Amino acid sequence: MPRVRFTLPEVKEYPDARPSSCPYCAGVAFHKRARTQKRIRDLYIKRVTVFRYKCVDCGGTFRHFPDGVDGHRQSKRLRALAAA
């Protein structure tokens, strides 16, 4: 029986850099509004740091997550493992 190998997405605890553009208007100027800890379900990490930004052009606010994390409670790594 052949073995199946796949790589799981990497999950980081802290965002590497600022976001490149606003998701609403693609503006590149924004101010950091808040920093918070988000509890997630993952194999190794329990909390990640999430930043909230406000766009200077459109006034919209958005969250910037670290790699491997989005708005869901589970990390992308755990969701990939559950789907396998």
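Structural remarks
- Among residues that are touching a residue at least 12 places away in the same chain (Cβ under 8 Å) and either touching a Cys at 6+ places or on another chain (Cβ under 9 Å) or β-branched (Val, Ile, Thr) (or both), His64 is not included.
- Leading residue by the ranking (surrounded by the fewest Cβ atoms within 10 Å (Cβ to Cβ)) among those in the stretch 43-60 that are within 21 Å of His72 (Cβ to Cβ) and hydrophobic (A, V, I, L, M, F, W, C): Leu43
- Out of Arg5, Arg63, one residue alone is surrounded by 15 or more Cβ atoms within 10 Å (Cβ to Cβ) and of a type in the set (Lys, Arg). It is Arg63.
- In the set (1) surrounded by fewer than 15 Cβ atoms within 10 Å (Cβ to Cβ); (2) modelled with pLDDT of 95 or more; (3) over 30 Å from Arg5 (Cα atoms), the condition left unmet by Ala17 is number (2).
- Spans of strands (runs of 3 or more DSSP E) in the stretch 4-71 with at least 2 residues of a type in the set (Lys, Arg) and under 15 Å from the mean Cα position of the chain (by Cα): 30-39, 47-55
- Qualifying residue in the stretch 70-84 (condition: buried (at least 16 other Cβ atoms within 10 Å of the Cβ), in contact with a Ser or Thr (Cβ under 9 Å, 6 or more places away or on another chain) and of a type outside the set (Gly, Ala, Ser)): no
- Test: residue in the stretch 33-42 that is among the β-branched types (Val, Ile, Thr), at negative phi and either exposed (fewer than 13 other Cβ atoms within 10 Å of the Cβ) or in contact with a Gly (Cβ under 7 Å, 6 or more places away or on another chain) (or both): yes
The values are calculated or read from the model by the stated rules, or taken from the named source; none is laboratory data. All values derive from a computational prediction rather than experimental measurement. Glycine also receives a Cβ, built like all others from the backbone with ideal geometry; neighbour counts cover every protein chain displayed.
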